[in-house]
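Take a look at the structure below.
The values are calculated or read from the model by the stated rules, or taken from the named source; none is laboratory data. Given the structure is predicted, the values throughout are model-derived calculations rather than measurements. Positions of Cβ are backbone-derived with ideal geometry, glycine not excepted, and every protein chain shown enters the neighbour counts. For accessibility, only protein heavy atoms count, side chains too; no ligands or nucleic acids. Shrake-Rupley method; radii C 1.70, N 1.55, O 1.52, S 1.80 Å.
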Amino acid sequence: METTLDINITRVESSKLNDLSLENIPFGKYFSNHMLEADYENGEWKNVEIKPYQPLIFEPTLAALHYGQSIFEGIKAYKDADGEAYIFRPYDNFVRFNISAERLCMPTVPEEIFMDGMKQLIALDKNWIPFRENHSLYIRPLMFATDTLLGVRPSDTYKFMVMLSPSGPYYTTPMKIAVESKYTRAVKGGVGFSKNAGNYANSMLAAKEAKEKGYDQVLWTDGFEHKWLQEVGMMNIMFIIDGVAVTPDISEGTVLNGVTRNSIIVMLQEMGFTVEQRKISIDEVVAAYKNGTLQEVFGCGTAATIAPIAELGYEDVRMPFDVDSFKTAIALRKHFDDIRYSRVPDTHGWMVKI
Ligand SMILES: *Cc1c(COP(=O)(O)O)cnc(C)c1O
């Protein structure tokens, strides 16, 4: 592996893998032997190191905890049948991470720290990548404010970290989704396009209330009319209506620019689909359901991959689907898995070898 970054590496004395099997593991519960850390101080990034995964010690005044300057990413690494390790489109996550950083007045992370740091960490913990269908190594980059003063202003100091979690599937059964018409996730001019901690804190009450009604998650709508569809929890949303793929456009900054969304748009176009990125209202979806042209609904995101939706609920309308008939989602999922597990050639340059 070619890297330029000089990282101080402290290895674990004995691997935690000796006591853990990577078969049938849940999502995001176990962490590999090592983590990456870097500090931002006096206008520069320093102290880039890889060390044993361990607790952090901070004062209770840590700025990130009070005022929410905290951003993250989610990326996956896979192993092929020959044991070679690959990361799926990490450069796209690197770019998005820095877009999130700028929106929250945080410093950007240099490409060599983000990319080389992540690659070196994964190379060190390569045998933590599960080799099993629906399993992968989930990579979690994180940056948060570390000043310890109680004034509301951008912090002067930050910590950047990467941790690795060998993971199984995020959702194991098709999801039931409630269209949200009370709470709002994102508005134009807000922070919806950034992967920042506050967006998820803000989303939890809506998800909790939806769960009380028998749903798994909500499909967010715009904050003014609660009519225009945005996205689901940690996933973008895709509809197949009368043979055309339709997904909400991201131009207003109220929908996360998903790497999976983008990959799926490319794959759908290669499959011959017209893909429309545009405003789509819940009324259009209900009308298409009622006239029989709404063929498939699925979510797409790194954690959940391609998640068929078994039911959409909007006010008193319940729209169940037969997910076994979702030909497009099933074909996409197979093709996507074939790419990520290197069973077909990577014609897009999406797989970055470790
Ligand atoms: C991470 C995330 C997605 C999916 O983005 P990917 O790049 O495909 O993982 C979609 N919506 C939200 C709100 C997210 O946080």
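For every residue, the table says whether it meets (1) of a type in the set (Phe, Trp, Tyr); (2) assigned by TED's automatic domain parsing to the domain that holds MET115; (3) out of contact with any Phe, Trp or Tyr (no Cβ under 7 Å at 6 or more places or on another chain); (4) not in a loop (DSSP other than H, G, I, E, B).
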| position | (1), (2), (3), (4) |
| --- | --- |
| PRO26 | no, yes, yes, no |
| SER32 | no, yes, no, no |
| LYS51 | no, yes, yes, yes |
| GLN54 | no, yes, yes, no |
| GLU59 | no, yes, yes, no |
| GLY83 | no, yes, yes, no |
| ARG96 | no, yes, yes, yes |
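Can you tell me which residue is most open to solvent (accessible area, probe 1.4 Å) among those in segment 158-175 that are within 16 Å of the ligand (Cβ to nearest atom) and under 21 Å from PHE298 (Cβ atoms)?
Within segment 158-175, the match that is most open to solvent (accessible area, probe 1.4 Å) is TYR170.
Could you tell me which residue of segment 298-338 is most open to solvent (accessible area, probe 1.4 Å), considering only residues that are away from the ligand (no atom under 15 Å from the Cβ) and β-branched (Val, Ile, Thr)?
By that ranking, first place goes to ILE330.
So which residues in segment 218-240 are of a type in the set (S, T, N, Q) and within 11 Å of the ligand (Cβ to nearest atom), if there are any at all?
Let us first name the residues in segment 218-240 that are of a type in the set (S, T, N, Q), namely 221, 230, 236.
Within segment 218-240, GLN230, ASN236 meet the criteria.
What tally of residues in segment 112-125 results from selecting those that are in a helix (DSSP H, G or I) and over 19 Å from the mean Cα position of the chain (by Cα)?
Selection size over segment 112-125: 8.
If we scan segment 276-283, do we find a residue that is under 30 Å from GLU133 (Cβ atoms), more than 16 Å from the ligand (Cβ to nearest atom) and at pLDDT 95 or above?
No.
Could you tell me whether segment 227-236 includes any residue that is within 24 Å of ASN93 (Cβ to Cβ), touching a Cys at 6+ places or on another chain (Cβ under 8 Å), assigned by TED's automatic domain parsing to the domain that holds VAL187 and assigned to a strand (DSSP E or B)?
Yes; the residues of segment 227-236 include at least one that is within 24 Å of ASN93 (Cβ to Cβ), touching a Cys at 6+ places or on another chain (Cβ under 8 Å), assigned by TED's automatic domain parsing to the domain that holds VAL187 and assigned to a strand (DSSP E or B).
Does GLN295 meet the test of being without any contact (Cβ under 8 Å) to a residue 40 or more places away in the chain and either out of contact with any Cys (no Cβ under 6 Å at 6 or more places or on another chain) or assigned to a helix (DSSP H, G or I) (or both)? Give the steps one after another, and end with the answer.
Values: without any contact (Cβ under 8 Å) to a residue 40 or more places away in the chain: no; either out of contact with any Cys (no Cβ under 6 Å at 6 or more places or on another chain) or assigned to a helix (DSSP H, G or I) (or both): yes.
Taking the combined requirement at face value, the residue does not satisfy it.
Confirm whether ALA85 is surrounded by 20 or more Cβ atoms within 10 Å (Cβ to Cβ), touching a Ser or Thr at 6+ places or on another chain (Cβ under 6 Å) and among the aliphatic types (A, V, I, L, M).
no
Per-residue answers, yes or no, for (1) modelled with pLDDT of 95 or more; (2) under 30 Å from ILE7 (Cβ atoms); (3) in contact with a helix residue (DSSP H, G or I) (Cβ under 7 Å, 6 or more places away or on another chain); (4) more than 13 Å from the ligand (Cβ to nearest atom):
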position: PRO154; (1), (2), (3), (4): yes, yes, no, yes
position: ILE177; (1), (2), (3), (4): yes, no, no, yes
position: SER181; (1), (2), (3), (4): yes, no, no, yes
position: GLY198; (1), (2), (3), (4): yes, no, no, no
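In this structure, is ASP222 surrounded by fewer than 20 Cβ atoms within 10 Å (Cβ to Cβ) and of a type in the set (D, E, K, R)?
no
Within segment 119-157, which residues are farther than 19 Å from THR302 by Cα and touching a Pro at 6+ places or on another chain (Cβ under 8 Å)?
ALA145 - this is the single residue of segment 119-157 that is farther than 19 Å from THR302 by Cα and touching a Pro at 6+ places or on another chain (Cβ under 8 Å).
I'd like to check something: does segment 61-79 contain any residue that is at pLDDT 95 or above, part of a helix (DSSP H, G or I) and within 16 Å of the ligand (Cβ to nearest atom)?
Within segment 61-79, none of the residues are at pLDDT 95 or above, part of a helix (DSSP H, G or I) and within 16 Å of the ligand (Cβ to nearest atom).
For residues that are assigned to a strand (DSSP E or B) and free of Cβ contacts under 8 Å to residues at least 60 places away in the same chain, scanning just segment 307-325, find the one that is farthest from the chain's Cα centre (by Cα). Reasoning before the result, please.
Going through segment 307-325, the residues assigned to a strand (DSSP E or B) turn out to be 307-314, 317-320.
This time we only want the ones that are free of Cβ contacts under 8 Å to residues at least 60 places away in the same chain, so: 317-320.
Working: VAL317: 30, ARG318: 28, MET319: 26, PRO320: 26 Å.
Per the criteria, the residue is VAL317.
Scan segment 181-208 and report the pairs whose first residue is farther than 21 Å from GLU225 by Cβ and open to solvent by less than 40 Å² (accessible area, probe 1.4 Å) and whose second residue is modelled with pLDDT under 95 and part of a loop (DSSP other than H, G, I, E, B), with Cβ atoms within less than 7 Å and a gap of 6+ or a chain change.
ALA207/GLY233
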